[in-house]
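These notes concern the structure reproduced below.
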Amino acid sequence: MSHIAYVNGRYLPQRLAQVNIEDRGYQFADGVYEVMCIWNGVPADYAAHVVRLNRSLKELRMAAPASDGALRLIIQEVVRRNLVEKGTVYIQVNRGVSPRAHPFPSPNVKPSLIVTAKHGAGPPESVAEAGVKVIALPDLRWKRCDIKTVGLLPNTLAKQAASEAKAFEALLHLDGTVTEASSSNAWMVTPDKTIVTHPTTNSILGGVTRATVIKIARDAGYEVEERAFTLKEALKAKEVFLTGTTTFVMPVVQIDEQTVANGSPGTIALDLRQRYRAYMDSLTEAAWNA
């Protein structure tokens, strides 16, 4: 089956989809994006993803390419045409096509909109059951990580370093203070079982899954603290885990060459993963309007 992409008003086989070489997303990384998980044919946290997309556009003074209602119809059609039951949808908005120059083009330039989809949502359950290794790296990204831009070269370099180290992720830190991972949010559990994650500042992307897991954890009676924590704290933590759109809740059992606690997935992380999966399984068609 050919994958179908939406590109600026047209649904096309992905192999035939094209963007102009003077699109600012291509030449300046002047664009933003979102990735949504599709579970049983419906999206997880759809409204929160749209809110974050609109915030990113506003922060970059970029016009929305379509109304929220029109965007929803486009995404639904891409999901339908690609027969996605469990997978992801990728949405990218660029500032548009204009002769190459650093200043913003005329407001009359229409933003570009690209929507694609693929099957498969994250690693198999066996990965979570075993837990994963991460490596610690300095956070070399720009100072507005709260904006979900397509300028992901530092993230890519960190992820490549993790891959070469046979690790699942790179845990990023600024002078020893953990911010997040290259494509997920970072968490730890203190010896007194308090769950800790970095607050939503310009230093991290406010993860949609992060917000949902905070709510799930608090509803389950866990103490959740949003504060900065250090790499040294993480190395001495009772548990460490990651959250993300396709990783869900992922237990970490090793940081560099040091095991976390006893080297097994933590009970809290596994419990939160189970609760998050239950939340996903409860989604219905109403999720499109949530």
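For (1) without any contact (Cβ under 8 Å) to a residue 24 or more places away in the chain; (2) in a strand (DSSP E or B); (3) surrounded by 14 or more Cβ atoms within 10 Å (Cβ to Cβ), each residue gets a yes or a no:
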position	(1), (2), (3)
V84	no, no, yes
G87	no, yes, yes
P99	no, no, no
R141	no, no, yes
A161	no, no, yes
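Within segment 209-234, take every residue that is surrounded by fewer than 21 Cβ atoms within 10 Å (Cβ to Cβ) and small (G, A, S) and give me the one that is nearest to the chain's Cα centre (by Cα).
Result: A211.
Out of curiosity, is T209 touching a strand residue (DSSP E or B) at 6+ places or on another chain (Cβ under 6 Å), in a strand (DSSP E or B) and in contact (Cβ under 8 Å) with a residue 24 or more places away in the chain?
On the way: touching a strand residue (DSSP E or B) at 6+ places or on another chain (Cβ under 6 Å): yes; in a strand (DSSP E or B): no; in contact (Cβ under 8 Å) with a residue 24 or more places away in the chain: yes.
Taking the combined requirement at face value, the residue does not satisfy it.
Out of all the residues in segment 145-162, is one or more modelled with pLDDT of 95 or more, of a type outside the set (K, R) and more than 21 Å from the chain's Cα centre (by Cα)?
Restricting attention to segment 145-162, the residues satisfying the condition of being modelled with pLDDT of 95 or more are 145-162.
Now restrict to residues that are of a type outside the set (K, R): 145-147, 149-158, 160-162.
Narrowing the set further to residues that are more than 21 Å from the chain's Cα centre (by Cα) leaves none.
No, that holds for no residue.
Can you tell which of A165, A170, A237 is surrounded by 17 or more Cβ atoms within 10 Å (Cβ to Cβ) and over 15 Å from the mean Cα position of the chain (by Cα)?
Numbers: A165 fails: surrounded by 17 or more Cβ atoms within 10 Å (Cβ to Cβ); A170 fails: over 15 Å from the mean Cα position of the chain (by Cα).
Of the residues listed, the single one that is surrounded by 17 or more Cβ atoms within 10 Å (Cβ to Cβ) and over 15 Å from the mean Cα position of the chain (by Cα) is A237.
With S126, S106 as the choices, which residue is part of a loop (DSSP other than H, G, I, E, B) and either surrounded by 14 or more Cβ atoms within 10 Å (Cβ to Cβ) or out of contact with any helix residue (DSSP H, G or I) (no Cβ under 6 Å at 6 or more places or on another chain) (or both)? Steps first, answer last, please.
On the way: S126 fails: part of a loop (DSSP other than H, G, I, E, B).
Only one candidate qualifies: S106.
Is it true that some residue in segment 48-57 is over 12 Å from D30 (Cβ atoms) and among the charged types (D, E, K, R)?
Yes; the residues of segment 48-57 include at least one that is over 12 Å from D30 (Cβ atoms) and among the charged types (D, E, K, R).
Assuming D175 fulfils every condition listed in (1) on the phi > 0 side of the Ramachandran plot; (2) within 18 Å of the chain's Cα centre (by Cα); (3) free of Cβ contacts under 8 Å to residues at least 24 places away in the same chain apart from one, which condition is it?
(2)
When you scan segment 163-188, how many residues do you find that are outside any loop (DSSP other than H, G, I, E, B) and of a type outside the set (A, V, I, L, M, F, W, C)?
First pass over segment 163-188, keeping only residues outside any loop (DSSP other than H, G, I, E, B): 163-164, 169-174, 177-181, 185-188.
The next check asks that each one be of a type outside the set (A, V, I, L, M, F, W, C); those that pass are 163-164, 169, 173, 177, 179-180, 185.
Selection size over segment 163-188: 8.
Restricting attention to segment 62-93, which residues are over 26 Å from P123 (Cα atoms), over 19 Å from the mean Cα position of the chain (by Cα) and among the β-branched types (V, I, T)?
I74
Considering P265, P251, which residue is part of a loop (DSSP other than H, G, I, E, B), assigned by TED's automatic domain parsing to the domain that holds K215 and either of a type outside the set (D, E) or surrounded by 14 or more Cβ atoms within 10 Å (Cβ to Cβ) (or both)?
Numbers: P251 fails: part of a loop (DSSP other than H, G, I, E, B).
When all the criteria are applied, what remains is P265.
Tally the residues that are in a loop (DSSP other than H, G, I, E, B) and either surrounded by fewer than 16 Cβ atoms within 10 Å (Cβ to Cβ) or touching a Phe, Trp or Tyr at 6+ places or on another chain (Cβ under 9 Å) (or both), restricting the search to segment 9-49. I'd like the intermediate steps shown before the answer.
We begin by selecting, within segment 9-49, every residue in a loop (DSSP other than H, G, I, E, B); these are 9, 17-22, 29-30, 40-41, 44-45.
So of that shortlist, the ones also either surrounded by fewer than 16 Cβ atoms within 10 Å (Cβ to Cβ) or touching a Phe, Trp or Tyr at 6+ places or on another chain (Cβ under 9 Å) (or both) come out as 9, 17-22, 29-30, 40, 44.
Selection size over segment 9-49: 11.
Go through (1) part of a helix (DSSP H, G or I); (2) surrounded by 23 or more Cβ atoms within 10 Å (Cβ to Cβ) for I204 and report which single condition fails.
I204 satisfies all of (1) part of a helix (DSSP H, G or I); (2) surrounded by 23 or more Cβ atoms within 10 Å (Cβ to Cβ) except (1).
Give the residues of segment 59-69 that are within 15 Å of D30 (Cβ to Cβ) and either of a type outside the set (G, A, S) or in the same structural domain as T200 (by TED's automatic domain parsing) (or both), sorted by residue number.
E59, L60, R61, M62, P65
The values are calculated or read from the model by the stated rules, or taken from the named source; none is laboratory data. These numbers were taken from a predicted model, which means no experiment stands behind them. Neighbour counts run over all protein chains shown; Cβ positions are idealised from the backbone, glycine included.
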